[in-house]
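I have placed the structure first, in the form of structure tokens, so that the comments after it can refer back to it.
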Amino acid sequence: MATKDKNIWILMVFILSGLVIGGLLGEFAKGVDWLWWLAYGQSFGLSSPLELNLSVIQITFGLMFKINVASILGMILAIFVYRKI
């Protein structure tokens, strides 16, 4: 595996970590009066799961994204940290 490929995977891990940690911090900030804006966001995806029943096997697909201001800030911070490392 080339060095360039490893850097891309590390960047993806950093971005996903920033999104998850930022999203959690945004949910925690929802209860604080002066940090309510960090929890402001939007949800999109499949509202009800898609089911495929083949008699022998049943497969259920579902995907939902919930993005808030804190998760976007976390992603930006993760990219900044990645560039500094």
Among the residues of segment 47-63, is any in contact with a Pro (Cβ under 9 Å, 6 or more places away or on another chain) and without any contact (Cβ under 8 Å) to a residue 12 or more places away in the chain? yes
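Considering only segment 23-52, state which residues are in contact with a Ser or Thr (Cβ under 8 Å, 6 or more places away or on another chain) and under 16 Å from residue 64 (Cα atoms). Step through it out loud before you land on a result.
Residues of segment 23-52 that are in contact with a Ser or Thr (Cβ under 8 Å, 6 or more places away or on another chain), as a first pass: 23, 26, 41, 49-52.
Residues satisfying the conditions are 23, 41, 49, 50, 51.
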For residues that are at pLDDT 90 or above and of a type in the set (Asp, Glu), tally how many sit in segment 1-16. 0
From the list 19, 77, which residue is touching a Ser or Thr at 6+ places or on another chain (Cβ under 8 Å), assigned to a helix (DSSP H, G or I) and either surrounded by fewer than 11 Cβ atoms within 10 Å (Cβ to Cβ) or at pLDDT 90 or above (or both)? 19
Just to be sure, is residue 31 on the phi < 0 side of the Ramachandran plot, surrounded by 12 or more Cβ atoms within 10 Å (Cβ to Cβ) and of a type outside the set (Lys, Arg)? no
Quick one: in segment 59-74, of everything that is over 11 Å from the mean Cα position of the chain (by Cα) and not in a strand (DSSP E or B), which residue is surrounded by the fewest Cβ atoms within 10 Å (Cβ to Cβ)? 63
Considering every residue within segment 6-13, establish whether at least one is surrounded by 10 or more Cβ atoms within 10 Å (Cβ to Cβ), outside any strand (DSSP E or B), out of contact with any strand residue (DSSP E or B) (no Cβ under 8 Å at 6 or more places or on another chain) and touching a residue at least 60 places away in the same chain (Cβ under 8 Å). yes
When residue 47 is run through (1) surrounded by 13 or more Cβ atoms within 10 Å (Cβ to Cβ); (2) at pLDDT below 90; (3) of a type in the set (Gly, Ala, Ser), the failure sits at (1)
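The values are calculated or read from the model by the stated rules, or taken from the named source; none is laboratory data. Because the structure is predicted, anything quoted here is derived from the model rather than measured. Cβ coordinates were reconstructed from backbone atoms using ideal geometry, including for glycine residues, and neighbour counts include every protein chain displayed.
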